Amino acid sequence: MGTLLEIKNIETYYDLIYAIRGASLSVEEGSITAILGNNGAGKTTILRTVMGLIDDQPDKGTIEFAGRRIDGADTEKIVRMGISLVPEGREVFEELTIRENLMMGAYTRRDKKAVTRDLDRVFAYFPILADRTGQWAGTLSGGEQQMLAIGRALMSRPRLLFLDEPSLGLSPLLVKEIFEIIKKINQEGVTILLVEQNAKKALEVSNEALILENGRFVMKGQSGDLMKDENVREFYMGVR
Ligand code: ATP
């Protein structure tokens with residue numbers, strides 16, 4: 001189906017410290033691609049760089065989405081073009097209700113009828129949210145907040161969804177449920193770029209995966225192949 005996102009040789013720094021030191025990545029349309037890496041490897045920074053959320057724009061490299069350059073573009077424009085981020089730690093608006101949080105995700109859109117249809121689609125993925133539209137988001141459990149954060153990101157109708165550590169802090173049962181939903185969202189046509197420390201789950205759900213160390217990709221391949229790789233098993237999956 002072709003490449004949807006093409007990152008070439010980007011560098012991102014905070015103050016004087018380089019977090020990303022020349023990283024290239026392509027995401028195939030229709031795929032689930034996973035970025036694995038330890039704490040501080042720079043995974044979040046890659047997603048934030050693409051979204052235009054880092055003040056100092058990358059002064060090196062290029063980012064193309066659906067064949068158009070987006071490096072240097074405003075976040076709002078990037079969202080309107082079709083990329084949406086579910087941030088690490090969910091970051092739901094705690095003082096707003098479930099419905100209000102979801103509507104915030106549709107802030108770039110004007111077609112209210114279509115927005116209502118998408119609200120129904122989110123409720124179909126997450127029936128638990130449909131039952132409680134008036135509940136304050138701050139009173140939801142961690143798993144429910146993760147569902148809400150994914151739902152909110154879907155409300156901008158992304159072609160490409162970024163998920164930053166969706167399994168963080170969730171019980172094994174909920175992790176399983178969240179990954180099943182991620183698969184379903186992908187099957188319904190949304191390309192996914194996933195950042196995870198849970199290497200096993202991430203490799204199971206993804207088609208392709210890359211390993212990031214110290215701001216550089218050190219390995220990439222089909223997820224099934226990486227799952228069998230001895231180094232990946234030892235250093236990222238804790239098995240031999
Ligand atoms: P984690 O899995 O722990 O979230 P990560 O792979 O997502 O890690 P990043 O959050 O991208 O890693 O951080 C990469 C590096 O950049 C780290 O050394 C981090 O301390 C640093 N860093 C991240 N955000 C900032 C910031 N706002 N200011 C300064 N340094 C930062």
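Conditions tested, residue by residue: (1) in contact with a helix residue (DSSP H, G or I) (Cβ under 6 Å, 6 or more places away or on another chain); (2) among the β-branched types (V, I, T); (3) more than 26 Å from E196 (Cα to Cα).
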{"site": "I70", "(1), (2), (3)": "yes, yes, no"}
{"site": "G82", "(1), (2), (3)": "no, no, no"}
{"site": "K113", "(1), (2), (3)": "no, no, yes"}
{"site": "A130", "(1), (2), (3)": "yes, no, yes"}
{"site": "G138", "(1), (2), (3)": "no, no, no"}
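Which residue is surrounded by the fewest Cβ atoms within 10 Å (Cβ to Cβ), if the candidates are limited to the stretch 95-113 and must be in a helix (DSSP H, G or I) and without any contact (Cβ under 8 Å) to a residue 40 or more places away in the chain?
Among residues in the stretch 95-113 that are in a helix (DSSP H, G or I) and without any contact (Cβ under 8 Å) to a residue 40 or more places away in the chain, the one surrounded by the fewest Cβ atoms within 10 Å (Cβ to Cβ) is K113.
When you check T49 against the structure, is it out of contact with any Pro (no Cβ under 7 Å at 6 or more places or on another chain), over 20 Å from I182 (Cβ atoms) and not acidic (D, E), yes or no?
No, not satisfied.
Just give me the residues in the stretch 1-37 being near the ligand (Cβ under 7 Å from one of its atoms) and either under 16 Å from the mean Cα position of the chain (by Cα) or not hydrophobic (A, V, I, L, M, F, W, C) (or both), in sequence order.
Y14, D15, G37
Need pairs with beta-carbon distance below 6 Å; first residue on the phi < 0 side of the Ramachandran plot and within 6 Å of the ligand (Cβ to nearest atom) and within the stretch 38-51, second in a loop (DSSP other than H, G, I, E, B) and at pLDDT below 95; sequence gap 6+ or separate chains.
Short answer, once both residue conditions are applied: K43/G37; T44/E88.
Could you check, for the stretch 49-68, whether at least one of its residues is over 14 Å from the mean Cα position of the chain (by Cα), under 21 Å from R159 (Cβ atoms) and basic (K, R)?
There is at least one residue in the stretch 49-68 that is over 14 Å from the mean Cα position of the chain (by Cα), under 21 Å from R159 (Cβ atoms) and basic (K, R).
Within the stretch 14-94, which strands (runs of 3 or more DSSP E) (wholly inside it) include 1 or more residues that are among the acidic types (D, E), in contact with a strand residue (DSSP E or B) (Cβ under 9 Å, 6 or more places away or on another chain) and surrounded by 15 or more Cβ atoms within 10 Å (Cβ to Cβ)?
17-28, 62-65
Keeping to the stretch 76-92, report how many residues are closer than 19 Å to V190 by Cα and within 16 Å of the ligand (Cβ to nearest atom).
3
The values are calculated or read from the model by the stated rules, or taken from the named source; none is laboratory data. Quantities reported herein were computed from a predicted structural model and do not represent experimental measurements. Note: ideal-geometry Cβ built from the backbone for every residue, glycine included; neighbour counts use all protein chains shown.
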